[in-house]
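What follows is one structure encoded as structure tokens, with my remarks underneath.
Laboratory data are not the source of any read-out in this text; all were calculated from the coordinates shown. Remember, it's a predicted structure, so these values are computed and weren't measured experimentally. A quick note on method: Cβ atoms are made from the backbone with ideal geometry, for glycine too, and the neighbour counts reach across all protein chains shown.
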Amino acid sequence: MKEFHGISASPGIAIGRVFLYMEDSMAVPKYTIEHDSIDTEISRYEEAVNKATSDLNQLKEQLTKEVAEENSRILDSHLLMLSDSMFNDQVFQRMKNDMINIEAALKSVIEDLVDKLNASRDLYLRERTVDILDVAKRIINHLMFRERLSLADINTEVILVSQNLMPSDTLLMNKRMVKGIAMDSGGRTSHTAILAKSFEIPAVLGLRELTKSINTNDLIIVDGHHGKVIINPDDDTRALYEKMLLEYQKRESELLNMNMLAAETKDGKLINLQANIEIPEEVDSVLVHGADGIGLYRSEFLFMQPGRVPSEEQQYEAYKTVLEAMEGKPVTIRTLDVGGDKFIPKVNNLAENNPLLGWRAIRFCIEHKEFFKQQLRALLRASVFGNLKIMFPMISGVEELEKALAILEETKDDLRKEKINFIERIPVGIMIEVPSAAMTSDILARKVDFFSIGTNDLIQYTIAVDRGNEKIATLYEPFHPGVLRLIRMVIENAHEQGLSVSMCGEMAGDLYSSVILLGLGLDVYSMSAISIPEIKRIIRSVSMSEAEELVGTIMAMKSFGDIDKYVRNWMEEKFDNIRY
């Protein structure tokens, strides 16, 4: 029995036999060519590109019929890469300079590009290498007359194990038969993680060298809750996880039966539970899990497709799709939150020594006014199709907020002049993510309609802890007294002005935080859709007086260690099976 630890990318437990997917279609011969062979090589390449383009168009058509359109749009970026004349010219130039065959020239150019992207400090940019490799492998397969193994042909239940899945692999795979995913590479923001969550397939990524220690047909356990993979478990471990899986499935079924019930405390306090999404396709999961709306639509995902920046029309269609699908339930769309750990090629490629404290989010948008207005136009145009709320990220003070609001009003004026319909009175809110915003929340509350607390950033900025730095990860503590006091301050200041407060950071979906947030007076919890039923169960099992008493106790404590220990003991005594 071997145990590996990685990144919990999609929750759940899967037990089954390994399907080891180790396609290595980047292996190519390399040989010298004569000058009179150059045209022949170019023709071969162009024919292979045409065939790859045809493959992707067929796959896109098939996917559009099977799944939400946004997933198939991942392939649009691949199609754009195939038609990128600058890229193709680089391949031709490498062939001519080195006088080598076109396959070797393509591989050389791709390896240089991937090395540059992997050297980037930006996680999003590093993860986009998978799209480049996907396209290159398609071209090489046609140049070498190789048949590509299709994951759509899997006809028995398996756990899919791979070094690195291509986006098209994940989209095309037989999702009924793939019960779990374990991968050497990848992170929480990779296409594989996003799609695994969307398809509700348990997944653990970032396992580094798992594929070197495993074989097809090995028995494997994927624990998506704890980011753990176990190869060939002993009988006791297997029996334990089989019991856990049955309990999890039973609990999930029972929780889904609560969809028609409100998230209401035992003494009648109604709480709104909403979902965070990154792609329109996730709306199906939002509705299945009984969400009251979408509390955070991270619009930057639209901008992270390699090879393109979405036009106003493309943005409009995406926002419209989500608003229509939610049928009147509120949809909060956050304007572009670029920078920091989120890099968009051709948009914010400026290197910064400290990007998390740099030119990001609303700061970037204000400086790129026309770019910002294009997104605001798309949002306003889409507003007539549902219950839209607009939210600005990373507001640090009233000056930034006033500038953003002025640009929004200017955009409305433009649409009025063009006689384009939109909802005039759209609720506008801000993310509270930095201590300065929390400390001036009484001022900011007078200028907006709602707050949403982004705890992922608020915690790291308050405690001065880089949540991506494993050396100090233990200091990233939601229950730090400083963090809890800021959250309480924001909620109290908002309520004094009659504003609703939501939370869309990971803390909102954390079971151990749920009763604390209730006692602090949080109005709206927004989280991954799959977490909603469990949070609802907890809220329906406590009273406001219990929650307020818990908060009163912990707010008198001096250290996050004492608070954490007390809260965990309290929750585990109160609720069965709070730990998976």
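Quick look at the values:
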read-out: Most positive-pole-ward Cα, Val18, Val309, Ala494, against dipole of the chain from beta carbon charges; value: Ala494
read-out: Estimated FRET transfer efficiency (Glu209, Met86; beta-carbon r; R0 35 Å; 0.05); value: 0.45
read-out: Residues in the stretch 423-443 reached by a label modelled at Leu270 [backbone nitrogen below 20 Å; 7 Å Cα→Cβ]; value: 427
read-out: Gained length - Thr216 relative to Glu324, 0.36 nm times residue gap less alpha-carbon distance; value: 34.5 nm
read-out: Those residues of the stretch 398-420 whose amide nitrogen sits under 19 Å from the label point placed on Arg446, 7 Å along Cα→Cβ; value: 398-406
read-out: Residues Arg568 and Thr156, FRET efficiency given R0 of 60 Å [Cβ-Cβ distance, rounded to 0.05]; value: 0.90
read-out: Long-range HN-HN contacts of Ile154 with modeled amide H, under 5 Å; value: Asn174
read-out: Only Lys, Arg (+1) and Asp, Glu (-1) charged, at Cβ; the chain dipole about Cα centre in debye; value: 500
read-out: Built amide H within the under 5 Å cut-off of Gln274, gap 5+; value: Asp292, Tyr525, Ser526, Met527
read-out: Kyte-Doolittle mean at least -0.5, axial Cα span of 18 Å or more - DSSP H helices of the chain; value: 69-82, 102-118, 129-143, 369-382, 481-496
read-out: Prolate/oblate/rounded call for the chain, Cα gyration tensor, a/c under 1.5 rounded; value: oblate
read-out: Residues with amide H under 5 Å from that of Ser543, placed H, sequence gap 5 or more; value: Lys266
read-out: Burial ordering of Glu157, Glu418, fewest other beta-carbon atoms within 10 Å first; value: Glu418, Glu157
read-out: Sorted by Cβ neighbour density within 10 Å, fewest at the top, the residues Asp510, Asp562, Asp169; value: Asp562, Asp510, Asp169
read-out: Linear extension gain, Asn50 paired with His226, 0.36 nm per residue minus alpha-carbon span; value: 59.0 nm
read-out: Chain lengthening between Ile426 and Glu254 when straightened (0.36 nm per residue, less Cα-Cα); value: 58.2 nm
read-out: Spin-label pair Glu370/Asn174, simplified geometry with 7 Å Cα→Cβ offset, distance in nm; value: 5.2
read-out: Burial ordering of Ile38, Ile279, Ile221, Ile554, fewest other beta-carbon atoms within 10 Å first; value: Ile38, Ile554, Ile279, Ile221
